[in-house]
Structure formats: C-alpha cells, structure tokens
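Report on the structure given below.
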Amino acid sequence: MKKVILISALLAASFAGYSQTKTTQCTAITKKGAQCKLHTSSENGLCHLHGGTAVKASAATTQCSATTKSGQQCKHRTSAANGKCFVHTTKA
Ligand SMILES: [Zn+2]
Ligand SMILES: [Zn+2]
C-alpha cells in the first residue's frame, strides 16, 4: 500500500502548487482602451470576463473534514458538498 501513500503525497504537493499560483493582470483591453484591471491565474493571461481559464482562487473550497490515520485533519481541500476530499469520498 506504500504506492497509494506516495501518490497521495504527490497529489497533495501539486495541490499546494495550485494554491500558490501567481496571478497576473489580465492582458485584455477594455472598450475604453485601457488594460483590464482584473487579475488572473489562467495560462492565457486573461481574466474570466475575457475568456480566461483561471482556476478560481476564491472558489469555495474547504479543508477536508475527514481525519487521517495519524489523527490529524486531512490536509486536502475540497469543494464537495459533503466536505470530504476525493480521497475520503471514494472510500465511502
Ligand atoms: Zn480581463
Ligand atoms: Zn480527505
């Protein structure tokens, strides 16, 4: 089962990377001829109004409410209605 733990660690690492994504100012030009003032973390440099594909940094994610084997709260974040991350949801 060590592989499962390793994969979980990798996933957690990539999740952490997501939360630290840098935001940049939207590169689109508004109708007024000024650069859009919104910030975005999307790869194409556009905010959500201008067709960006940003991961919503302000999305309502909560920390998984499940408790790990070590007795600590799961560090994964989730937007699932049941408050459990994918790891703890699939185990039902
Ligand atoms: Zn914009
Ligand atoms: Zn969890």
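Read-outs: derived from the displayed coordinates by stated rules, not from any lab. It should be emphasised that the depicted structure is a prediction, and the values quoted were computed from it without experimental measurement. No Cβ is skipped: glycine too gets one built from the backbone with ideal geometry, and neighbour counts run over all protein chains shown.
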Given a Förster distance of 41 Å, the FRET efficiency implied by the Cβ-Cβ spacing of Val4 and Leu49, rounded to the nearest 0.05, works out to 0.50
Please compare each pair in Lys22/Lys69; Lys3/Lys84; Lys22/Lys84 to a cut-off of 31 Å on the Cα-Cα distance and tell me which ones are over it. Lys22/Lys69
Between Lys32 and Thr67, what is the label-point separation in nm under the 7 Å Cα-to-beta-carbon projection? 5.4 nm
